[in-house]
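Okay, structure first, notes after.
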Amino acid sequence: MSETIIDSRLDPRIQARNLHWQGWRVSSIARYLGLKPATVHSWARRENWDGGSPHQRVAASTEARLIQLVNLPKKTDGDYKEMDKLAKMLTTVQAALHKSPEPVAVIGDKAMPDYRPHTQSTIDNPPREMREPKEKREKAPSNRKPSKLIILDDEQTERLSEIFTEQSFEYQKAWYRSGLVNRFRNLLKSRQIGATFFMAREAFLRAVKTGNNQIFLSASRAQAFQFKQYIADFLAMVGIEFKGDVPELANGAKFYFLGTNSRTAQGRNGDLYVDEYFWIQDFKRLRELAEPMASQARFRTTFFSTPSDELHPAYGFWTGTEFNDGRPENEHIKLDVSHAALAAGRLDPDAQYRQIVTLDDAEAGGCTLFDKDYLRKRYAPSVYDQLFKCQFVKPGDSVFEYGWLRAAAVDAMDVWPDYKPWTSPTRPCGAHPVWVSYDPTDDGDAAGLVVVMPPQRKGDPFRVVERQLLHGNDFESQAEVIREVCTRYNVTKLVIDAGGLGAAVYQLVQKFYPAVIGHKFTQELKSSWVQKAQSLFRAKRVQWDAGSMAMDLQAAFMTIRIQKTNSGKGLTYGSGRNAVASHGDLAWALMMLFAEEPLDGSLSSNSSIEVF
């Protein structure tokens, strides 16, 4: 890099602009002058450093240097000689500018306008568009604000690529390699092994490299926005903001984050990512609308999910039996979709690359984030197998039919206008009344907490807006969690399992919420709660968001089974609460709230208690 004289008395914008015109990269300018790269990017865009012509840039640089020399209190012979040469150069350049209009400069895909030849570009008077007299101008109508493009320099792009590689586990790197050679990936994976996290980063770097739009579809918009947050966190590592409803790169690539509403999940094209597709209700309809988005040969498609049940419409899509529909028998395929067959990944005759990655596989691939022994103790075996070993739930294993639970999943951001967790995180339900329930396990090592918007009219649904699994047996900290929930919601009813180890939490909560209701579990109560819940599910009067909440709550209700009583002489309902299945506490917490609705479905008004 050639030597450049920097005067600390000069406006840093002038110095930054001059270095930019000498070919310096923005990141290098920022580091050299002690500025933030985003600041230099902003100056360059606002003052149109890439606009105008070479003559105009030379004139502006010459003028700035000449004025600097003129104002020196003491000048050397060398200064006078330089001033003379600069004055002659400026005269020559100005004559060239007056002689003929400069050609239009083309930057990216936009043409820069002509500029007045007698007006030189300076840092405080950047090149501007020629305007007609006021009476002849017509303002073009527009209701759209100009988009703010996301601009990365080479160093930032290179650093993001390094971070992407450094922070990926081996099984994630295998996903990346498979995406380079396969247009369609179909991945069955364990919960919480970083699939959404990885795919968000992969998609961003692909957009930078290819200019392809990136389309993210999830069971709900709230779930889709998780992609957006992961990308924002990724870019923050190099000082770049990722914001806007439809963020756009300088190369034209746009990012769409969509729920599965058929009105929004169509009409775009690009690389397609479909997250947790085994938890999407109208899966076949979604595929009809979504897959054409990636029809062009330059686009690719990735479906990935934790398994749900064998009755889900996506099951035939995963197993390949759907491929046979409408084809002659000699073209039918029969795929082995066992873990043993797909652990290493396989390209199948239906052009899908399939792979299964369990929690065991993730650990073998370098992931050290889990304690499997703890998880086995906390989850019922069937739930553990589903969430972490990629096994599908078979029909008839639970007292709650899987079809009922699937039907409870909705895109909350679309169908609940009074629920605004993204725009009002400190008051997601506004002044809307909510009910809260807390249920600890018998061993006191975990507890379930749920927040529900109750029905306002007879026949309205119960809407689950929040769930938390609280670990540990610190009763004071768990009571404090309940207090914090009460500050974010207008709580009109609070119910706690006050039997056994829940009694301590109940007593602490009474101090700040005196109207708390305490229950002690009995066989009769549990039976009535289960029957009430079954009735509500059959009537489709329970709703929760179709994202990760649906996975947690469906898993919770699938743990509820008919069991023998301790005496062995009778039957009751349970979820293996003495040793496993802390997830089941979410189901019991919800059922406690369901039971607060009278049998005839009518609701009396409840006063709220504000907690500060």
Cα→Cβ-extended label distance, 7 Å offset, between I163 and A539, nm: 5.1 nm
Using a 10 Å cut-off on Cβ atoms, rank the peptides 297-308, 239-250, 178-189 from the highest mean neighbour count down. 297-308, 178-189, 239-250
Mind jotting down the distance between the C-alpha centroids of the stretch 477-513 and the stretch 40-95, whole Å? 71 Å
Once ligands and nucleic acids are excluded and a 1.4 Å probe is used, how much of E524 is accessible, expressed in Å² to the nearest 10? 130 Å²
Please work out the FRET efficiency for the pair E248 and A431, using the Cβ-Cβ distance as r and a Förster radius of 30 Å; give the result to the nearest 0.05. 0.20
Note down the net charge around A219, summing +1 for each Lys or Arg and -1 for each Asp or Glu among other residues with Cβ under 11 Å from its Cβ. -3
If we sort 461-468, 533-540 on the protection proxy, mean other Cβ atoms within 10 Å, highest first, what's the order? 461-468, 533-540
So the pair-distance distribution of the stretch 384-504, from every Cα-Cα distance in 5 Å bins, comes to percents of 2, 9, 16, 17, 17, 17, 14, 7, 0
Too long at a 32 Å Cα-Cα cut-off: which of K189/K540; K520/K540; K394/K420; K88/K148; K228/K284; K389/K511? K394/K420; K88/K148; K389/K511
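Going by average Cβ density within 10 Å per residue, which order do the peptides 498-511, 332-345, 203-216 take, highest to lowest? Please list the in-between numbers first.
Working: 498-511: 18.4, 332-345: 13.9, 203-216: 21.0.
Highest to lowest by the protection proxy: 203-216, 498-511, 332-345.
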Restricted to Cα positions, what overall size does the stretch 259-414 have along the principal axes? Three whole-Å values, descending. 46, 37, 33
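The values are calculated or read from the model by the stated rules, or taken from the named source; none is laboratory data. Predicted model only: the values in this text are computed from it and were never measured. FYI the Cβ positions are ideal-geometry reconstructions off the backbone, even for glycines, and counts take in every protein chain you see. Note: accessible area is taken over every heavy atom of the protein model, side chains too, but ligands, DNA and RNA are not part of it. Shrake-Rupley method; radii C 1.70, N 1.55, O 1.52, S 1.80 Å.
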